[in-house]
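Q: One structure, pasted below without further comment.
The values are calculated or read from the model by the stated rules, or taken from the named source; none is laboratory data. In this text the structure is predicted, and so the values were computed from the model without any measurement. A quick note on method: Cβ atoms are made from the backbone with ideal geometry, for glycine too, and the neighbour counts reach across all protein chains shown.
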Amino acid sequence: MPYETHNYKKYLKNNRMRRNFGIKKIVIIVISLAIIAVGLLGLNGKFNFLSLSKDDLAGTNESDSSSPSSNNSSNNSGAALPSSGQAGSLATSSSPANLEPSQPAPKSILLSVPFFSQAPFGEWSDPIFQNACEEASIIMAMHWVNKTPVTKDQVKQEILDLSLFEDKTYGQAFDRAAADAIKMFKDYFNYENVFVRSGI
């Protein structure tokens with residue numbers, strides 16, 4: 001009997017530790033996202049990569065419009081687009097007009113990333129949702145990438161599906177490192193445009 005009581009106490013202690021660890025992971029991810037956002041805005045102030053002039057977006061400047069043999073095609077809006085042979089010409093152009101920003105950097109940027117809890121309906125007693133921090137973050141990111149709306153019911157099912165995939169593929173579905181999250185983007189969602197940076 002004392003052995004069973006000891007194991008039960010150990011189980012309760014481990015369960016509380018997991019729950020506390022899950023909450024800590026959420027806080028760390030939120031703080032990391034805030035730091036990344038502040039870093040991007042700070043870099044934007046120095047490099048001005050978030051605001052482009054209308055000419056940069058249209059792919060034209062005065063020398064292009066005066067040249068009859070310009071290789072630009074136009075889309076439905078009438079804006080000239082560079083041909084495939086000119087890919088990257090905007091980024092490598094050395095004309096003085098393209099070196100100076102025509103508009104000041106925006107004071108703030110609002111990205112409409114869908115947000116939801118790792119336990120969409122507050123199922124904190126369920127070990128799957130206690131440990132679904134990475135899964136929820138990945139699902140939010142993929143809905144943002146695909147510009148798709150999502151409901152709590154969808155999120156719950158997607159977390160369950162992704163956890164089942166992890167369990168079958170990797171042998172467990174909790175406590176993932178950043179490199180493991182990248183594998184889930186690639187293996188589960190077939191999404192390759194993702195990477196990890198450390199020491200930022």
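Q: Is it the case that the stretch 122-137 has a residue that's under 18 Å from Tyr191 (Cα atoms), β-branched (Val, Ile, Thr), over 20 Å from the mean Cα position of the chain (by Cα) and assigned to a helix (DSSP H, G or I)?
A: Within the stretch 122-137, none of the residues are under 18 Å from Tyr191 (Cα atoms), β-branched (Val, Ile, Thr), over 20 Å from the mean Cα position of the chain (by Cα) and assigned to a helix (DSSP H, G or I).
Q: So which of Ser112, Ser108 is in a loop (DSSP other than H, G, I, E, B), out of contact with any Leu (no Cβ under 9 Å at 6 or more places or on another chain) and polar (S, T, N, Q)? Before the answer, list the steps.
A: Working: Ser108 fails: out of contact with any Leu (no Cβ under 9 Å at 6 or more places or on another chain).
Just one listed residue meets the conditions, Ser112.
Q: Another question about this same structure. Restricting the search to the stretch 149-175, which residues are part of a loop (DSSP other than H, G, I, E, B) and in contact (Cβ under 8 Å) with a residue 24 or more places away in the chain? Give the derivation first.
A: Going residue by residue through the stretch 149-175, those that are part of a loop (DSSP other than H, G, I, E, B) are 149-151, 171-175.
Scanning the stretch 149-175 gives Pro149, Val150, Ala173, Phe174, Asp175.
Q: Among the residues of the stretch 176-200 satisfying the criterion of being basic (Lys, Arg) and part of a loop (DSSP other than H, G, I, E, B), which is nearest to Leu160 (Cα to Cα)?
A: Within the stretch 176-200, the match that is nearest to Leu160 (Cα to Cα) is Arg176.
Q: For the stretch 68-82, indicate whether the set of residues that are out of contact with any Leu (no Cβ under 6 Å at 6 or more places or on another chain) and either modelled with pLDDT of 90 or more or closer than 30 Å to Val30 by Cα (or both) is non-empty.
A: No: zero hits.
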